[in-house]
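So the structure is just underneath, and the comments pick up after that.
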Amino acid sequence: MNGVHHYRLQATWTGDRGTGTSGYRDYSRDVTLSIDGKPDLLGSSDRPFRGDRSRWNPEDMLLGALSQCHLLSYLHACVRAGVVVVAYHDEASGTMVEDGAGAGRFTEVVLHPRVVVAEESMIARAEDAHLLAHEWCFIANSVNFPVRHDAVVTAR
């Protein structure tokens with residue numbers, strides 16, 4: 001399945017309070033992200049940057065993309081290794097550092113997958129599958145900071 005894949009979405013700022021961006025505190029950071037055929041995603045900036053904490057922010061979405069990409073890559077690696085996964089839950093965390101000049105960057109993300117496999121004999125292969133999933137994850141391969149995983153695999 002080699003090839004080039006293209007993705008499109010629309011981002012629409014919905015935060016004009018009547019005076020546009022007349023001042024830093026005069027507009028909301030609300031955004032609607034749309035992709036044809038999918039539910040809209042309501043976004044904003046993070047709370048420290050005058051955003052709405054009830055909406056997804058870019059940092060949340062980056063963390064979510066890394067977690068979901070690893071999960072999906074992992075499930076594929078497990079199928080190839082003959083491992084039957086019956087449950088998977090991740091509590092991902094990320095660290096972003098501001099540089100003092102109005103910019104910043106993520107310095108790391110740590111995934112904490114908790115995986116349950118069908119049989120105890122599958123645990124070692126299930127643990128090894130995380131390494132392959134990390135190699136395959138398109139999103140982890142696209143960022144310039146470490147994405148680590150601290151996985152726990154148990155059998156039911």
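Condition check for GLY104 on (1) modelled with pLDDT under 95; (2) over 25 Å from LEU42 (Cβ atoms): one failure, at (2).
Just so you know, in region 25-37 the residues that are in contact (Cβ under 8 Å) with a residue 12 or more places away in the chain and part of a loop (DSSP other than H, G, I, E, B) include one that is farthest from the chain's Cα centre (by Cα), and it is ARG25. Out of the residues in region 1-20 that are open to solvent by 100 Å² or more (accessible area, probe 1.4 Å), more than 18 Å from the chain's Cα centre (by Cα) and not basic (Lys, Arg), state the one that is modelled with the lowest pLDDT. Among those residues, the one meeting the criterion is MET1. Whenever a residue of region 114-132 is under 18 Å from SER67 (Cβ atoms), its partners that are surrounded by fewer than 13 Cβ atoms within 10 Å (Cβ to Cβ) and hydroxyl-bearing (Ser, Thr, Tyr), lying with C-beta atoms within less than 7 angstrom and at least six residues away or across chains, give the pairs VAL116/THR154.
For region 22-55, the set of residues classified as over 29 Å from ALA101 (Cβ atoms) and open to solvent by less than 30 Å² (accessible area, probe 1.4 Å) consists of THR32, SER34, listed by residue number. GLU91 passes every criterion in (1) at pLDDT 95 or above; (2) touching a strand residue (DSSP E or B) at 6+ places or on another chain (Cβ under 6 Å); (3) open to solvent by 40 Å² or more (accessible area, probe 1.4 Å) apart from (2).
Against the conditions (1) assigned to a helix (DSSP H, G or I); (2) in contact with a helix residue (DSSP H, G or I) (Cβ under 7 Å, 6 or more places away or on another chain), VAL153 satisfies every one except (1).
From (1) of a type outside the set (Lys, Arg); (2) out of contact with any Lys or Arg (no Cβ under 6 Å at 6 or more places or on another chain); (3) surrounded by 12 or more Cβ atoms within 10 Å (Cβ to Cβ); (4) farther than 14 Å from VAL153 by Cα, pick out the condition that doesn't hold for ASP99. Of (1) of a type outside the set (Lys, Arg); (2) out of contact with any Lys or Arg (no Cβ under 6 Å at 6 or more places or on another chain); (3) surrounded by 12 or more Cβ atoms within 10 Å (Cβ to Cβ); (4) farther than 14 Å from VAL153 by Cα, only one is false for ASP99: (3). Among the residues of region 123-150, the ones that are touching a helix residue (DSSP H, G or I) at 6+ places or on another chain (Cβ under 8 Å), of a type in the set (A, V, I, L, M, F, W, C) and open to solvent by less than 40 Å² (accessible area, probe 1.4 Å) come to 7 in all.
Residues in region 45-77 that are outside any helix (DSSP H, G or I) and free of Cβ contacts under 8 Å to residues at least 24 places away in the same chain: SER45, ASP46, GLY51, ARG53, SER54, TRP56, ASN57.
The values are calculated or read from the model by the stated rules, or taken from the named source; none is laboratory data. Computed from a prediction, not measured in an experiment: that's the story for all the values here. Cβ atoms come from the backbone with ideal geometry, glycine included; neighbour counts cover every protein chain shown. Surface areas here come from the heavy atoms of the whole protein model, side chains and all, with no ligands, DNA or RNA. Shrake-Rupley method; radii C 1.70, N 1.55, O 1.52, S 1.80 Å.
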